[in-house]
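Participant: Can you keep this structure in mind? I'll have questions shortly.
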Ligand SMILES: Cc1cc2nc3c(=O)[nH]c(=O)nc-3n(C[C@H](O)[C@H](O)[C@H](O)COP(=O)(O)OP(=O)(O)OC[C@H]3O[C@@H](n4cnc5c(N)ncnc54)[C@H](O)[C@@H]3O)c2cc1C
């Protein structure tokens, strides 16, 4: 079942187990059941600490990971290989008694939960965003006997996924009701449960020397450069890691030939934590005001004060702004092909946008969907010619240029898209099960209002030191008018803005 490399890796991890683990397995005669049975048997042959027992569980095939005599509530319905391999390893280690690498504060928050919570997370094995959610919910189950979690592979439980109209992964149900979608850290899940840190703890902080708003590559770099000067540094981030969290392979981060977004995001956080930086994660800024000090008001009402501020709030997927778009989000409208693409296997889909990301998405989708229609507003695609050539070599792709998307239709889920042929004005409708929107990004700067000068695209206007029009306020990365938006560029501009902020503090 496991190839030699995975077996070798697994053997090393299993050596770290601290106690016995009982795998309770529910299998039938189908192919996935046979594979699951062979996986758990193989695990048992690799470690004397693992025992296997055949049982009937709620779903077949599935297996639960328990301590002998004590069910933890962790169940894998489907085979946790692919991106979920780490989730399996961590479940085995943590159930065996190995301490998780999570802040004590978070562990206490989980242990303090009194309600009975049963989570079900619907995932796909090719989804990069899913393991973080699966691992967070598994850990919560290990820590608190009131909490249970079942990971459900959509490919193995197609009927269940279809009956619940799940068209985006990860999708999490709590006690049978939809709870949350998308990549979430354990802290974010706790916040959604209302068990996160108390907002008042941000209210009475002393003023910072440098306060960074945004926790992507630009913000992380800016905070590290400031903290290395020994000055009081804080970082407020809605979601630490930023866009990197949604990125699959990264091959242009110079000196690292290949990495994956979540891995880079974890390294960013680890590096920031090396320094004396006050990290305020899961907090959104909603107002900036320059008084004697610069004030940043958070959505929870707390007001942070700082002598200088570095704005690094990055960018988010751009919406098309047509009827149906808000209604069918996660119900057939998707942005992440690697995550949600497999849910449309064998179906017809559309991609809006003919730039590099749109065409890359279309090529990927053509590999397993029935048909892909690319809708491009302009009269030609903007993607690199090498991508266009590859696209045109595929028999199940139609490219429609000069097409203005008008409406996304559906009942419970998407069933079609209407577009206008711009040359003729004629309206066309195609039937599709899913639509991937790939029309670029918008800077996350609307919250600034008129406080800081921006260009017509909403990008913050900066000089070559990252300074904005407001003394003491600097900006870096994708939220600025920098012509190119890349990780390495964001990090460089974060460093520039930080050094300029320190210079500003020295001079003032
Ligand atoms: C799918 C995809 C693939 C990509 N692939 C690559 C690649 O291969 N190589 C490459 O170099 N680049 C790639 N990029 C681009 C790269 O990810 C960005 O250029 C880079 O992440 C920008 O960094 P940033 O710090 O400026 O912004 P972001 O990464 O967008 O981070 C912004 C941060 O600000 C926070 N934030 C936003 N609003 C607020 C608020 N109001 N209050 C508090 N915090 C807030 C966010 O939560 C986040 O922490 C890719 C982007 C995408 C979407």
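Rule-based calculations on the coordinates, nothing more; no lab input. Here the structure is a predicted model, which is why all the values come from computation and not from measurement. Neighbour counts are summed over all protein chains in view; Cβ atoms, including those assigned to glycine, are modelled from backbone coordinates with ideal geometry.
Participant: How much mean residue ellipticity at 222 nm does the chain get from its helices, if each DSSP H run of length 4 or more adds -39500 (n - 2.57) and you divide by all residues, to the nearest 500 deg cm²/dmol?
Facilitator: -8500 deg cm²/dmol
Participant: Let me ask you something else. What percent antiparallel are the DSSP beta bridges of the chain, to the nearest 5? Walk me through the numbers on the way to the answer.
Facilitator: Details: 46 of 96 bridges.
Expressed as a percentage, antiparallel bridges in the chain total about 50.
Participant: Next up: Can you bin the chain into rounded, prolate or oblate? Criterion: square roots of the alpha carbon gyration tensor eigenvalues sorted a ≥ b ≥ c, rounded for a/c under 1.5, prolate for a/b above b/c, oblate for the rest.
Facilitator: oblate
Participant: Same structure, new question: Taking a ≥ b ≥ c as the square roots of the Cα gyration tensor eigenvalues, with a/c under 1.5 meaning rounded and otherwise prolate when a/b beats b/c, else oblate, which class fits region 151-282?
Facilitator: oblate
Participant: For a paramagnetic label modelled at 7 Å from the Cα of residue 398 toward its Cβ, which residues of region 324-366 fall within the zone defined by backbone nitrogen distances under 14 Å?
Facilitator: Zone members listed by number: 348-351.
Participant: Which residues among region 47-76 fall inside the zone where the amide N is under 15 Å from a point 7 Å beyond the Cα of residue 412, along Cα→Cβ?
Facilitator: From region 47-76, the list is empty.
Participant: Next question. In region 4-192, what percentage of the DSSP-assigned beta bridges are antiparallel, given to the nearest 5?
Facilitator: 50 percent
Participant: Let me ask something else. Could you list 310, 488 so that the one with the fewest beta carbons within 10 Å of its beta carbon is first and the one with the most is last?
Facilitator: Starting with the residue having the fewest Cβ neighbours, the order is 488, 310.
Participant: Contour minus end-to-end for residue 35 and residue 461, with contour as 0.36 nm per residue of separation and end-to-end as the Cα-Cα distance?
Facilitator: Going from the current span to full extension adds 147.7 nm.
Participant: Follow-up. Could you work out the relative contact order of the chain? I mean the mean sequence separation of Cα pairs under 8 Å and 6+ apart, divided by the number of residues, in percent. Mind showing how you got there, number by number?
Facilitator: Values: 1123 pairs, mean separation 60.6, N = 508.
Relative contact order comes out at 12 percent.
Participant: Right, here's the next one. Looking at region 340-414, send over the antiparallel percent of its DSSP beta bridges, to the nearest 5.
Facilitator: 10 percent
Participant: With a 10 Å radius around each residue's Cβ, average the other Cβ atoms per peptide and rank 71-77, 382-388, 244-250, highest first. The partial results should precede the final answer.
Facilitator: Working: 71-77: 24.3, 382-388: 15.0, 244-250: 18.6.
Final packing ranking: 71-77, 244-250, 382-388.
Participant: Okay, which of region 67-90 sit inside 11 Å, backbone N to the point 7 Å along the Cα-Cβ direction of residue 16?
Facilitator: Counting backbone N atoms under 11 Å from the label point, the list is 89-90.
Participant: Order these by the 10 Å Cβ neighbour count, fewest first: 121, 393, 451.
Facilitator: Ranked by crowding around the Cβ, least crowded first: 393, 451, 121.
Participant: Tell me, what is the percent relative contact order of region 4-192, built from C-alpha pairs under 8 Å that lie six or more residues apart? The partial results should precede the final answer.
Facilitator: Details: 344 pairs, mean separation 38.9, N = 189.
Computed over region 4-192, the figure is 21 percent.
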